[in-house]
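*Asks:* Supplied in structure tokens, the structure appears directly below.
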Amino acid sequence: MMAKDWNEAKALLDEAVQLFPEEPLIVSLLGVYWASVGKVEKALECVTRACNTAKSFGHAHHTYYQLACIFALLGRREPAFEWLERSVSSGFACWPFFLKDDCLQNVQSLPEFEVLVSSLQAKYPDHLGIL
């Protein structure tokens, strides 16, 4: 999806959904796909499905991040930022990725986004060599 090869992305997502139809990590990633190609209702359906599944094989912060991406892609900046904050508070504080992820373009100009990234940069400076 980062390469915007939508046919390949959809084929891989279809395979993943067949293997794990209720996995929030997969369902939310499918939602990112639908939001990326402009299918609003399908993207929001994936949000609902991902939020209604109580158990995941992955870390919830990745699902939360993908929900932030869905809302950002749909131009819904407030819920996008709220999901991004939830992702950070539950363990995904990768600010360099936040700055480069095209999915988050709609929230990157928010003052609260700048505050969040600044606080993460102070806590996790990039010169430590771990980022």
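The values are calculated or read from the model by the stated rules, or taken from the named source; none is laboratory data. Please read these numbers as outputs of a predicted model, since none were measured by experiment. All Cβ positions, glycine included, derive from the backbone under ideal geometry; neighbour counts span all protein chains shown. Heads up: the accessible areas ignore ligands, DNA and RNA and are worked out on the full protein's heavy atoms, side chains in. Shrake-Rupley method; radii C 1.70, N 1.55, O 1.52, S 1.80 Å.
*Asks:* Search the range 74-88 for residues being without any contact (Cβ under 8 Å) to a residue 24 or more places away in the chain and among the acidic types (D, E), and hand back the single one that is surrounded by the most Cβ atoms within 10 Å (Cβ to Cβ).
*Replies:* Per the criteria, the residue is E82.
*Asks:* Take L29 and decide whether it is open to solvent by 20 Å² or more (accessible area, probe 1.4 Å), hydrophobic (A, V, I, L, M, F, W, C), farther than 28 Å from P125 by Cα and in contact with a Phe, Trp or Tyr (Cβ under 9 Å, 6 or more places away or on another chain).
*Replies:* So L29 fails the test.
*Asks:* Is there a residue being on the phi > 0 side of the Ramachandran plot and either open to solvent by less than 70 Å² (accessible area, probe 1.4 Å) or among the aliphatic types (A, V, I, L, M) (or both) anywhere in the range 50-73?
*Replies:* Within the range 50-73 (the criterion being on the phi > 0 side of the Ramachandran plot and either open to solvent by less than 70 Å² (accessible area, probe 1.4 Å) or among the aliphatic types (A, V, I, L, M) (or both)), the answer is no, since none of the residues qualifies.
*Asks:* Next question, about the same structure. Which of (1) in a loop (DSSP other than H, G, I, E, B); (2) more than 27 Å from A3 (Cβ to Cβ); (3) of a type in the set (S, T, Y) is the odd one out, the single condition S119 does not satisfy?
*Replies:* For S119, the failing item is (1).
Condition check ((1) free of Cβ contacts under 8 Å to residues at least 40 places away in the same chain; (2) within 16 Å of L104 (Cα to Cα); (3) in a helix (DSSP H, G or I); (4) in contact with a helix residue (DSSP H, G or I) (Cβ under 7 Å, 6 or more places away or on another chain)) across all residues:
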site: N7; (1), (2), (3), (4): yes, no, yes, no
site: K10; (1), (2), (3), (4): yes, no, yes, yes
site: L13; (1), (2), (3), (4): yes, no, yes, yes
site: E22; (1), (2), (3), (4): yes, no, no, no
site: L29; (1), (2), (3), (4): yes, yes, yes, yes
site: V32; (1), (2), (3), (4): no, yes, yes, yes
site: K42; (1), (2), (3), (4): yes, no, yes, yes
site: E45; (1), (2), (3), (4): yes, no, yes, no
site: A50; (1), (2), (3), (4): yes, no, yes, yes
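*Asks:* I'm checking my understanding of the structure. Among residues of the range 1-26 that are at pLDDT 95 or above and among the small types (G, A, S), which one is surrounded by the most Cβ atoms within 10 Å (Cβ to Cβ)?
*Replies:* My answer is A9.
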